[in-house]
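> Encoded as structure tokens, here's the structure I'll be asking about.
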There are 2 protein chains.
Amino acid sequence: MNPASAAETAPPSSGPAAAKAAPDDAAQGVPNRGRRAARPSGDERQRAILVAAERLLGEKDFADVTIDDLARGAGISRPTFYFYFASKQAVLLTLLDQVAHEAEKRTADVFSDLSAAPSAAWRKAIEAFAGTFAAHRGVSVAAAAARSSEPELAAEWATLTNRWIDATAAAIGAERDRGASPAGPEPRLLASALNLLNERVITAALTGLEPTGPALRAPALPGAVEDTIETLLHIWLTSIYGAVPADP
Amino acid sequence: MNPASAAETAPPSSGPAAAKAAPDDAAQGVPNRGRRAARPSGDERQRAILVAAERLLGEKDFADVTIDDLARGAGISRPTFYFYFASKQAVLLTLLDQVAHEAEKRTADVFSDLSAAPSAAWRKAIEAFAGTFAAHRGVSVAAAAARSSEPELAAEWATLTNRWIDATAAAIGAERDRGASPAGPEPRLLASALNLLNERVITAALTGLEPTGPALRAPALPGAVEDTIETLLHIWLTSIYGAVPADP
DNA sequence: CACCCTCTCGACAGGGTGTTGACTTCATCA
DNA sequence: TGATGAAGTCAACACCCTGTCGAGAGGGTG
């Protein structure tokens, strides 16, 4: 049995390492970044830990996941876990890196056609934002939670959201420059607030138990998520393109 | 078994009507989450724990505060702590109750003069919101952080913010009824999003600045907090009173 | 074959949580 | 007054989780 592949219930028998043969693993089409071995390679083990972590984060809170869970999920012992990661947080950090990397692709050309159809473009941006969170619900929720007690995680999260904020601020500035949008708060300040708005509303929707309004309380209702996105879009559009009315 | 732990640490499978309060907490609006009051020295001890907790939360993360810290801060031993509170979380819950109780007063008449000067009224509301957070920075930040792993805390936080959301939604509905504001997203949906916006932006400001001291009162940059509030107000006003522009 | 380098885990140390059971105080009442 | 029982207190314990150490087991390489 190969502990790296799908062996879920890790055999606690430490005696004979059963996974011994498996000689021609590298003969296949997938080159494994140069390293190959009879017993599962370090790369495979490391990936197994990450896979186990993402699966466990779909089942329970990050705080409730122990290092033993991670290790057994990857078919190794707890001390061996420390050969690959310094801590639980380091695993989450790596996972967050992956999400950030994927998010970069997803949001690359989001603001390309702003002048043609602003409303549609902003909607695309918000949906890209929400889609990135939703596609990695466990990691997003865990990172948002652990952020407050883990400075490294907070820093990584900050750089991730700063990318969005920078892009948003640039887009707002461009809209003002071409006269499509009136003056208002400093673009970066407005962009920060709007992105924090999205972050909070979306994580609230993802965690479920939050005060996000009647629509999200009953997720069975069709259109609940669409209503939320529609509300976000309304706030983005009015705050970017609308002017503050004067008091009577 | 302790009298306190019997009441507070509710097993998830136990009776649903578990929040049966002790008969002696009718003197205040704050439910008694600790021990059932009996001896004055006991009350003082309980209060000493709460005071120590709020002080410690001004110095370090909630996760870094141990029960031993709390106990020693109150001049008792660790086991004695359990006579008064079932857990660290129960202490934070009680602190959050106090904040909620105080917040209720603070935000009672915030929307009274909306029709006279809408902009000024909404600003007052946002400042009341921010002021409540800032006045209890440690508790707010700790509760926002622990919320994700403590369902009871999440529920308490939800009822707290739901009060604001209800008031906001009612005010938005009133503005629409009197013709001051155009149609838009469902009032409660919009109110939820706007309140989550405030929560996130304000906690970000609270955690981002100095770890100690009244962050909102004396920020590093003079005017930084005013700018943030101004940005929030801009988003509130435009999203409540502005209409979404049509795409060309 | 000898050597090293990657990889593995049993065993330990340490710190945190929550519980137990014996003990002290003290108000109350027969 | 002395018995009673509830309120309050804590040393010691059981347990869980984290992180480390040192003794290895293999393959790759000369």
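The values are calculated or read from the model by the stated rules, or taken from the named source; none is laboratory data. Keep in mind the model is a prediction, meaning the values are calculated, not measured. Quick reminder, even Gly has a Cβ in these numbers, built from the backbone with ideal geometry, and neighbours come from all protein chains shown. Ligands, DNA and RNA are excluded from the accessible area calculation, which covers all protein heavy atoms including side chains. Shrake-Rupley method; radii C 1.70, N 1.55, O 1.52, S 1.80 Å.
> Just to check I understand the Karplus step: with θ = phi - 60° and J = 6.51 cos²θ - 1.76 cosθ + 1.60, what whole-Hz values come out for segment B:59-71, glycine and proline as x?
So the Karplus estimates, Gly and Pro as x, are 9, 8, 4, 4, 5, 8, 7, 9, 5, 5, 4, 4, 5 Hz.
> Considering only the other residues whose Cβ falls under 10 Å of the Cβ of B:Arg78, what net charge follows from Lys and Arg at +1 and Asp and Glu at -1?
Numbers: positive: B:Arg72; negative: B:Asp68, B:Asp69.
Residues near B:Arg78 contribute -1 overall.
> While we're on this one: Short version: ³J(HN,Hα) in whole Hz for each residue of segment A:110-116, in order, from phi by Karplus 6.51 cos²θ - 1.76 cosθ + 1.60 (θ = phi - 60°), x for Gly and Pro, what are they?
After applying 6.51 cos²θ - 1.76 cosθ + 1.60, I find 5, 9, 5, 10, 5, 5, 6 Hz.
> Nearest 20 debye, what's the magnitude of the dipole of segment B:92-241 about its Cα centre given +1 on Lys and Arg Cβ and -1 on Asp and Glu Cβ?
Numbers: 12 positive and 18 negative charges, 30 e Å.
Magnitude of the dipole: close to 140 debye.
> Give me the number: length gained by fully extending A:Asn162 to A:Ala128, i.e. 0.36 nm times residue separation minus the C-alpha to C-alpha distance, one decimal in nm. Intermediate results must be reported in sequence, preceding the final value.
On the way: separation 34, 0.36 × 34 = 12.24 nm, distance 1.51 nm.
Gain in length upon complete extension: 10.7 nm.
> Within the set of other residues whose C-beta is less than 12 Å from the C-beta of B:Glu230, count the net charge using Lys and Arg as +1 and Asp and Glu as -1. Please list the in-between numbers first.
Values: positive: B:Arg123; negative: A:Glu186, B:Glu127, B:Glu226, B:Asp227.
Residues close to B:Glu230 contribute a combined charge of -3.
> Here's something else I'd like to know. Tell me the label-point distance for the pair A:Val51, B:Thr80, using the 7 Å Cα-to-Cβ offset, in nm and rounded to one decimal.
5.4
> While we're looking at this one, here's another question. For A:Ala183 and A:Ala155, calculate 0.36 nm times their separation in residues minus their Cα-Cα distance, and state this gained length in nm to one decimal. Can you show the working numbers first?
Details: separation 28, 0.36 × 28 = 10.08 nm, distance 3.14 nm.
Contour length minus the Cα-Cα distance gives 6.9 nm.
> Under 8 Å for C-alpha pairs, at least 6 residues apart: give me the relative contact order for segment B:92-241, rounded to a whole percent. Can you show the working numbers first?
Numbers: 113 pairs, mean separation 41.2, N = 150.
Relative contact order, segment B:92-241: 27 percent.
> How many nm is it between the label spots at B:Ser87 and A:Glu104, if each spot is 7 Å from the Cα in line with the beta carbon?
4.0
> Report the convex hull volume per residue for segment B:92-241, counting only C-alpha atoms, in Å³.
Spread over its residues, the Cα hull of segment B:92-241 gives 101 Å³ apiece.
> Using modelled backbone amide H atoms (1.01 Å from N, in-plane), which distant-in-sequence or interchain residues come within less than 5 Å of A:Ser181's amide H?
A:Arg176
> For segment A:233-241, take each phi angle, set θ = phi - 60°, evaluate the Karplus expression 6.51 cos²θ - 1.76 cosθ + 1.60, and give the result in whole Hz per residue in order, putting x for glycine and proline.
Each residue's phi maps through the Karplus curve to give 4, 4, 5, 4, 5, 5, 6, 8, 9 Hz.
> Please list the non-local residues whose amide H lies under 5 Å from the amide H of B:Val110, H modeled 1.01 Å from N, same-chain partners needing a gap of 5 or more.
none
> In Å², nearest 100, what accessible area do chains A and B bury in total when the solvent probe is 1.4 Å? Walk me through the numbers on the way to the answer.
On the way: alone 14050 and 13330 Å², together 23830 Å².
For A against B, buried area totals roughly 3600 Å².
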